[in-house]
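Enquirer: Provided herewith is a single structure, encoded as C-alpha coordinates, for subsequent inquiry.
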Amino acid sequence: MNRFHAAAIVLTIAALPVANNVAHAADYKPEYRLSTVLGPAFTWGKAGERWAELVKQKTDGRINVKLYPGTSLVGGDQTREFSAIRQGVIDLAIGSSINWSPQVKQLNLFSLPFLTPDAKGLDALIKGDVGKDIFAILEKQGVVPLAYGENGFREISNSKHPIKSPADLKGLKIRIVGSPIFIDSFTALGANPTQMSWADAQPALATKAVDGQENPLSVFSIAKLHTLGQNQLSLWGYMADPLIFVVSKQIWNSWSETDRKAVREAAEQAAAENLVAARKGISPGDDALLQSIEKSGVTITRLTPEQRKAFKDATRPVYDKWAATIGKDLVKKAETAIANAK
Ligand code: X2X
(Lines give C-alpha, C1' and ligand atoms only; values in the text may rest on other atoms or scores of the structure.)
Protein backbone atom coordinates (compact mmCIF):
# COMPACT_ATOMS: atom_id res chain seq x y z
CA MET A 1 0.00 0.00 0.00
CA ASN A 2 1.47 3.41 -0.86
CA ARG A 3 0.79 6.53 1.15
CA PHE A 4 -1.91 7.78 -1.23
CA HIS A 5 -3.92 4.61 -0.72
CA ALA A 6 -3.45 4.83 3.03
CA ALA A 7 -4.64 8.42 3.01
CA ALA A 8 -7.66 7.46 0.89
CA ILE A 9 -8.67 4.74 3.34
CA VAL A 10 -8.38 7.07 6.29
CA LEU A 11 -10.55 9.63 4.48
CA THR A 12 -13.15 7.02 3.56
CA ILE A 13 -13.41 5.71 7.10
CA ALA A 14 -13.63 9.22 8.49
CA ALA A 15 -16.43 10.09 6.07
CA LEU A 16 -18.58 7.01 6.74
CA PRO A 17 -20.48 7.96 9.91
CA VAL A 18 -21.14 11.43 8.56
CA ALA A 19 -22.67 10.08 5.35
CA ASN A 20 -24.97 7.78 7.31
CA ASN A 21 -26.06 10.45 9.73
CA VAL A 22 -27.10 13.00 7.15
CA ALA A 23 -29.11 10.34 5.34
CA HIS A 24 -27.27 10.93 2.07
CA ALA A 25 -29.40 14.04 1.58
CA ALA A 26 -27.01 15.28 -1.07
CA ASP A 27 -27.53 12.07 -3.10
CA TYR A 28 -31.30 12.32 -3.16
CA LYS A 29 -32.94 13.21 -6.44
CA PRO A 30 -35.37 16.13 -6.52
CA GLU A 31 -37.97 13.79 -8.03
CA TYR A 32 -38.43 10.02 -8.20
CA ARG A 33 -40.43 8.57 -11.09
CA LEU A 34 -43.24 6.14 -10.30
CA SER A 35 -44.68 4.16 -13.21
CA THR A 36 -48.17 2.66 -13.53
CA VAL A 37 -50.21 1.56 -16.53
CA LEU A 38 -53.55 3.03 -15.46
CA GLY A 39 -54.05 6.57 -14.16
CA PRO A 40 -55.68 7.91 -10.98
CA ALA A 41 -59.23 7.45 -12.32
CA PHE A 42 -58.58 3.72 -11.80
CA THR A 43 -57.85 1.93 -8.52
CA TRP A 44 -54.36 1.12 -9.85
CA GLY A 45 -53.39 4.74 -10.58
CA LYS A 46 -55.07 5.85 -7.39
CA ALA A 47 -52.73 3.48 -5.52
CA GLY A 48 -49.80 5.22 -7.19
CA GLU A 49 -51.05 8.62 -6.15
CA ARG A 50 -51.60 7.41 -2.62
CA TRP A 51 -48.18 5.80 -2.34
CA ALA A 52 -46.52 9.04 -3.49
CA GLU A 53 -48.55 11.07 -1.01
CA LEU A 54 -47.74 8.75 1.90
CA VAL A 55 -44.03 8.67 1.01
CA LYS A 56 -43.92 12.46 1.10
CA GLN A 57 -45.70 12.53 4.47
CA LYS A 58 -43.67 9.77 6.07
CA THR A 59 -40.29 11.08 4.88
CA ASP A 60 -41.11 14.69 5.80
CA GLY A 61 -40.75 15.63 2.16
CA ARG A 62 -37.27 14.15 1.74
CA ILE A 63 -38.54 11.81 -0.97
CA ASN A 64 -40.66 13.39 -3.65
CA VAL A 65 -42.38 10.86 -5.93
CA LYS A 66 -44.12 11.83 -9.16
CA LEU A 67 -46.63 9.51 -10.82
CA TYR A 68 -46.15 8.68 -14.51
CA PRO A 69 -49.29 6.78 -15.56
CA GLY A 70 -49.86 5.28 -19.01
CA THR A 71 -46.41 3.63 -18.68
CA SER A 72 -45.34 6.91 -20.28
CA LEU A 73 -41.68 6.46 -19.30
CA VAL A 74 -41.53 3.58 -21.80
CA GLY A 75 -43.79 5.15 -24.40
CA GLY A 76 -46.80 3.14 -23.23
CA ASP A 77 -45.08 -0.17 -23.92
CA GLN A 78 -46.09 -1.82 -20.67
CA THR A 79 -44.15 -5.06 -21.20
CA ARG A 80 -40.91 -3.01 -21.19
CA GLU A 81 -41.64 -1.50 -17.78
CA PHE A 82 -39.70 -4.05 -15.75
CA SER A 83 -36.56 -3.71 -17.91
CA ALA A 84 -36.81 0.07 -17.59
CA ILE A 85 -36.74 -0.18 -13.78
CA ARG A 86 -33.56 -2.21 -13.98
CA GLN A 87 -32.06 0.25 -16.45
CA GLY A 88 -32.73 3.22 -14.15
CA VAL A 89 -35.39 4.85 -16.35
CA ILE A 90 -38.06 4.14 -13.72
CA ASP A 91 -37.38 4.54 -9.98
CA LEU A 92 -40.54 3.05 -8.49
CA ALA A 93 -43.41 1.11 -10.02
CA ILE A 94 -46.69 -0.57 -9.27
CA GLY A 95 -46.67 -3.26 -11.89
CA SER A 96 -48.96 -6.01 -13.09
CA SER A 97 -47.76 -9.60 -12.88
CA ILE A 98 -48.77 -9.97 -16.54
CA ASN A 99 -46.72 -7.04 -17.80
CA TRP A 100 -43.55 -8.15 -16.01
CA SER A 101 -43.91 -11.84 -16.84
CA PRO A 102 -41.88 -11.66 -20.09
CA GLN A 103 -38.83 -10.79 -17.93
CA VAL A 104 -39.72 -12.72 -14.75
CA LYS A 105 -40.95 -16.12 -15.88
CA GLN A 106 -42.23 -17.12 -12.42
CA LEU A 107 -44.79 -14.31 -12.59
CA ASN A 108 -46.63 -16.38 -15.20
CA LEU A 109 -47.85 -18.37 -12.21
CA PHE A 110 -50.72 -15.92 -11.78
CA SER A 111 -51.63 -16.23 -15.48
CA LEU A 112 -52.05 -20.02 -15.35
CA PRO A 113 -55.61 -20.40 -16.64
CA PHE A 114 -58.12 -21.02 -13.84
CA LEU A 115 -55.49 -21.43 -11.11
CA THR A 116 -57.29 -19.19 -8.62
CA PRO A 117 -61.06 -19.49 -8.22
CA ASP A 118 -61.65 -16.47 -5.98
CA ALA A 119 -60.17 -13.66 -3.88
CA LYS A 120 -59.52 -16.11 -1.05
CA GLY A 121 -57.34 -18.14 -3.40
CA LEU A 122 -55.42 -15.09 -4.51
CA ASP A 123 -54.90 -14.03 -0.89
CA ALA A 124 -53.55 -17.50 -0.11
CA LEU A 125 -50.84 -16.80 -2.69
CA ILE A 126 -49.94 -13.16 -2.15
CA LYS A 127 -50.21 -13.27 1.64
CA GLY A 128 -48.48 -16.63 2.01
CA ASP A 129 -45.24 -18.42 1.17
CA VAL A 130 -45.77 -18.18 -2.59
CA GLY A 131 -45.89 -14.40 -2.31
CA LYS A 132 -42.62 -14.48 -0.35
CA ASP A 133 -40.99 -16.77 -2.91
CA ILE A 134 -41.99 -14.42 -5.73
CA PHE A 135 -40.55 -11.48 -3.77
CA ALA A 136 -37.26 -13.35 -3.33
CA ILE A 137 -37.13 -13.96 -7.09
CA LEU A 138 -37.81 -10.28 -7.85
CA GLU A 139 -35.18 -9.23 -5.33
CA LYS A 140 -32.60 -11.19 -7.34
CA GLN A 141 -33.61 -9.31 -10.48
CA GLY A 142 -32.70 -5.81 -9.36
CA VAL A 143 -35.85 -4.56 -7.65
CA VAL A 144 -36.96 -4.31 -4.05
CA PRO A 145 -40.55 -5.62 -3.79
CA LEU A 146 -42.55 -4.08 -0.95
CA ALA A 147 -46.22 -5.02 -1.17
CA TYR A 148 -48.95 -6.70 -3.20
CA GLY A 149 -52.02 -4.92 -4.51
CA GLU A 150 -54.50 -6.08 -7.08
CA ASN A 151 -55.52 -5.27 -10.63
CA GLY A 152 -58.23 -7.91 -10.36
CA PHE A 153 -59.92 -10.97 -11.83
CA ARG A 154 -59.96 -10.70 -15.58
CA GLU A 155 -63.33 -11.17 -17.26
CA ILE A 156 -63.90 -11.40 -20.99
CA SER A 157 -66.01 -9.02 -23.06
CA ASN A 158 -66.86 -8.71 -26.74
CA SER A 159 -69.13 -6.92 -29.18
CA LYS A 160 -70.67 -9.97 -30.90
CA HIS A 161 -72.43 -12.53 -28.72
CA PRO A 162 -72.48 -14.10 -25.26
CA ILE A 163 -69.47 -16.30 -24.51
CA LYS A 164 -70.59 -19.44 -22.69
CA SER A 165 -68.28 -22.06 -24.16
CA PRO A 166 -64.94 -22.21 -25.96
CA ALA A 167 -66.95 -22.62 -29.20
CA ASP A 168 -68.29 -19.07 -28.70
CA LEU A 169 -64.72 -17.75 -28.81
CA LYS A 170 -63.98 -19.40 -32.12
CA GLY A 171 -62.55 -16.88 -34.56
CA LEU A 172 -63.16 -13.89 -32.26
CA LYS A 173 -60.37 -11.34 -32.41
CA ILE A 174 -59.42 -10.73 -28.80
CA ARG A 175 -57.02 -8.02 -27.67
CA ILE A 176 -54.58 -9.43 -25.14
CA VAL A 177 -51.57 -8.03 -23.27
CA GLY A 178 -48.17 -8.74 -24.83
CA SER A 179 -47.44 -11.81 -22.73
CA PRO A 180 -46.81 -15.17 -24.44
CA ILE A 181 -48.92 -17.29 -22.08
CA PHE A 182 -51.98 -15.29 -23.17
CA ILE A 183 -51.33 -16.18 -26.81
CA ASP A 184 -51.26 -19.84 -25.81
CA SER A 185 -54.41 -19.67 -23.67
CA PHE A 186 -56.53 -17.83 -26.22
CA THR A 187 -55.27 -19.93 -29.09
CA ALA A 188 -56.17 -23.08 -27.14
CA LEU A 189 -59.68 -21.68 -26.73
CA GLY A 190 -60.04 -21.20 -30.49
CA ALA A 191 -59.91 -17.40 -30.41
CA ASN A 192 -57.75 -15.18 -32.57
CA PRO A 193 -55.60 -13.31 -30.00
CA THR A 194 -53.89 -10.02 -30.89
CA GLN A 195 -51.24 -8.50 -28.63
CA MET A 196 -51.30 -4.78 -28.01
CA SER A 197 -50.76 -2.25 -25.26
CA TRP A 198 -53.64 -0.89 -23.23
CA ALA A 199 -53.25 2.47 -25.00
CA ASP A 200 -53.75 0.80 -28.38
CA ALA A 201 -56.54 -1.45 -27.14
CA GLN A 202 -59.15 1.26 -26.75
CA PRO A 203 -58.99 2.65 -30.33
CA ALA A 204 -58.85 -0.95 -31.61
CA LEU A 205 -62.09 -1.73 -29.76
CA ALA A 206 -63.72 1.53 -30.87
CA THR A 207 -62.98 0.91 -34.56
CA LYS A 208 -63.91 -2.80 -34.23
CA ALA A 209 -60.43 -3.80 -35.36
CA VAL A 210 -60.80 -6.31 -32.51
CA ASP A 211 -63.99 -7.95 -31.23
CA GLY A 212 -63.16 -8.31 -27.57
CA GLN A 213 -60.78 -7.92 -24.65
CA GLU A 214 -60.28 -9.16 -21.09
CA ASN A 215 -59.77 -6.96 -18.04
CA PRO A 216 -60.99 -6.65 -14.46
CA LEU A 217 -64.55 -5.35 -14.01
CA SER A 218 -63.37 -2.12 -12.44
CA VAL A 219 -61.22 -1.40 -15.49
CA PHE A 220 -64.13 -2.28 -17.81
CA SER A 221 -66.37 0.11 -15.91
CA ILE A 222 -63.99 3.06 -15.43
CA ALA A 223 -62.74 2.88 -19.03
CA LYS A 224 -66.44 2.75 -20.10
CA LEU A 225 -65.77 -0.11 -22.48
CA HIS A 226 -69.51 -0.41 -23.11
CA THR A 227 -69.23 2.87 -25.06
CA LEU A 228 -66.70 1.12 -27.31
CA GLY A 229 -69.20 -1.55 -28.33
CA GLN A 230 -68.32 -4.07 -25.62
CA ASN A 231 -71.85 -5.09 -24.69
CA GLN A 232 -71.25 -8.77 -23.85
CA LEU A 233 -69.41 -9.65 -20.67
CA SER A 234 -68.77 -13.16 -19.36
CA LEU A 235 -67.73 -13.74 -15.76
CA TRP A 236 -65.27 -16.59 -16.02
CA GLY A 237 -62.51 -15.32 -13.66
CA TYR A 238 -59.80 -17.25 -15.43
CA MET A 239 -56.99 -15.36 -13.74
CA ALA A 240 -56.38 -12.80 -11.01
CA ASP A 241 -53.69 -10.23 -11.68
CA PRO A 242 -51.80 -8.95 -8.62
CA LEU A 243 -50.02 -5.61 -8.62
CA ILE A 244 -46.54 -5.41 -7.13
CA PHE A 245 -45.09 -2.30 -5.49
CA VAL A 246 -41.33 -2.08 -6.12
CA VAL A 247 -38.40 0.32 -5.89
CA SER A 248 -35.31 -0.02 -8.08
CA LYS A 249 -32.52 -1.57 -6.01
CA GLN A 250 -30.07 1.18 -6.92
CA ILE A 251 -32.46 3.87 -5.70
CA TRP A 252 -33.33 1.88 -2.59
CA ASN A 253 -29.65 1.60 -1.68
CA SER A 254 -29.22 5.37 -1.97
CA TRP A 255 -31.80 6.01 0.75
CA SER A 256 -31.23 6.07 4.51
CA GLU A 257 -32.54 3.25 6.70
CA THR A 258 -35.21 5.59 8.10
CA ASP A 259 -36.44 6.57 4.67
CA ARG A 260 -36.49 2.96 3.41
CA LYS A 261 -38.70 2.06 6.34
CA ALA A 262 -41.00 4.98 5.56
CA VAL A 263 -41.28 4.03 1.88
CA ARG A 264 -42.01 0.41 2.80
CA GLU A 265 -44.73 1.40 5.26
CA ALA A 266 -46.23 3.79 2.72
CA ALA A 267 -46.32 0.95 0.14
CA GLU A 268 -47.96 -1.42 2.62
CA GLN A 269 -50.63 1.10 3.48
CA ALA A 270 -51.34 2.11 -0.14
CA ALA A 271 -51.47 -1.58 -1.14
CA ALA A 272 -53.89 -2.49 1.65
CA GLU A 273 -56.20 0.32 0.57
CA ASN A 274 -55.82 -0.76 -3.06
CA LEU A 275 -56.84 -4.37 -2.28
CA VAL A 276 -60.08 -3.11 -0.73
CA ALA A 277 -60.81 -0.73 -3.62
CA ALA A 278 -60.04 -3.32 -6.30
CA ARG A 279 -62.55 -5.79 -4.81
CA LYS A 280 -65.37 -3.36 -4.16
CA GLY A 281 -68.73 -3.91 -5.84
CA ILE A 282 -68.07 -7.15 -7.65
CA SER A 283 -68.99 -9.92 -5.23
CA PRO A 284 -72.34 -11.32 -4.04
CA GLY A 285 -73.80 -8.98 -1.42
CA ASP A 286 -71.59 -6.12 -2.65
CA ASP A 287 -72.25 -5.98 -6.38
CA ALA A 288 -72.96 -2.30 -7.07
CA LEU A 289 -70.25 -2.11 -9.72
CA LEU A 290 -71.56 -5.16 -11.50
CA GLN A 291 -75.08 -3.74 -11.41
CA SER A 292 -73.96 -0.43 -12.83
CA ILE A 293 -72.28 -2.24 -15.73
CA GLU A 294 -75.49 -4.17 -16.35
CA LYS A 295 -77.53 -0.94 -16.22
CA SER A 296 -75.33 0.56 -18.90
CA GLY A 297 -76.76 -2.03 -21.32
CA VAL A 298 -74.16 -4.76 -21.05
CA THR A 299 -75.36 -8.38 -21.03
CA ILE A 300 -73.62 -10.22 -18.23
CA THR A 301 -73.16 -13.96 -18.63
CA ARG A 302 -72.51 -15.96 -15.48
CA LEU A 303 -71.03 -19.38 -16.14
CA THR A 304 -72.27 -22.50 -14.42
CA PRO A 305 -69.52 -24.67 -12.87
CA GLU A 306 -69.84 -27.08 -15.83
CA GLN A 307 -69.49 -24.25 -18.34
CA ARG A 308 -66.44 -22.96 -16.52
CA LYS A 309 -64.97 -26.45 -16.52
CA ALA A 310 -65.13 -26.60 -20.33
CA PHE A 311 -62.81 -23.55 -20.48
CA LYS A 312 -60.57 -25.03 -17.84
CA ASP A 313 -60.29 -28.34 -19.69
CA ALA A 314 -59.56 -26.63 -23.00
CA THR A 315 -56.66 -24.69 -21.47
CA ARG A 316 -55.20 -27.57 -19.45
CA PRO A 317 -52.36 -28.25 -21.92
CA VAL A 318 -51.36 -24.58 -21.65
CA TYR A 319 -51.37 -24.87 -17.86
CA ASP A 320 -49.13 -27.93 -17.97
CA LYS A 321 -46.72 -26.45 -20.50
CA TRP A 322 -46.31 -23.22 -18.52
CA ALA A 323 -46.10 -24.99 -15.15
CA ALA A 324 -42.82 -26.48 -16.40
CA THR A 325 -41.51 -23.02 -17.37
CA ILE A 326 -42.57 -21.42 -14.07
CA GLY A 327 -41.17 -24.27 -12.01
CA LYS A 328 -43.21 -27.28 -10.93
CA ASP A 329 -42.41 -26.80 -7.22
CA LEU A 330 -43.70 -23.25 -7.13
CA VAL A 331 -46.87 -24.26 -9.00
CA LYS A 332 -47.44 -27.17 -6.62
CA LYS A 333 -46.97 -24.86 -3.64
CA ALA A 334 -49.52 -22.45 -5.12
CA GLU A 335 -52.06 -25.21 -5.79
CA THR A 336 -51.71 -26.48 -2.23
CA ALA A 337 -52.09 -22.99 -0.73
CA ILE A 338 -55.26 -22.39 -2.77
CA ALA A 339 -56.73 -25.80 -1.88
CA ASN A 340 -56.08 -25.15 1.82
CA ALA A 341 -57.78 -21.76 1.61
CA LYS A 342 -61.12 -23.25 0.51
O1 X2X B 1 -53.37 -3.79 -20.42
C2 X2X B 1 -54.18 -4.27 -19.63
O3 X2X B 1 -55.08 -5.03 -19.99
C4 X2X B 1 -54.07 -3.94 -18.16
C5 X2X B 1 -54.34 -2.47 -18.00
O6 X2X B 1 -54.99 -4.67 -17.42
C7 X2X B 1 -52.68 -4.30 -17.73
O8 X2X B 1 -51.81 -3.48 -17.70
C9 X2X B 1 -52.40 -5.70 -17.38
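The values are calculated or read from the model by the stated rules, or taken from the named source; none is laboratory data. Just so we're clear, the structure is a prediction, and the values are computed from it rather than from any experiment. For neighbour counting, all protein chains shown are included, and Cβ atoms are generated from backbone atoms with ideal geometry for every residue, glycine included. When the accessible area is computed, the model is the full protein with side chains, heavy atoms only, and any ligands, DNA or RNA have been set aside. Shrake-Rupley method; radii C 1.70, N 1.55, O 1.52, S 1.80 Å.
Per-residue answers, yes or no, for (1) open to solvent by less than 10 Å² (accessible area, probe 1.4 Å); (2) in a helix (DSSP H, G or I); (3) within 29 Å of residue 221 (Cα to Cα):
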| position | (1), (2), (3) |
| --- | --- |
| 63 | yes, no, no |
| 73 | no, yes, yes |
| 79 | no, yes, yes |
| 85 | yes, yes, no |
| 89 | no, no, no |
| 103 | no, no, no |
| 107 | yes, yes, yes |
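Enquirer: Of the conditions (1) within 12 Å of the ligand (Cβ to nearest atom); (2) open to solvent by 10 Å² or more (accessible area, probe 1.4 Å); (3) among the β-branched types (Val, Ile, Thr), residue 227 fails just one. Which one is it?
Expert: (1)
Enquirer: Restricting to the range 201-221, and then to whatever is open to solvent by 20 Å² or more (accessible area, probe 1.4 Å), more than 11 Å from the ligand (Cβ to nearest atom) and not small (Gly, Ala, Ser), can you tell me which residue is farthest from residue 159 (Cα to Cα)?
Expert: Out of the qualifying residues, it is 203.
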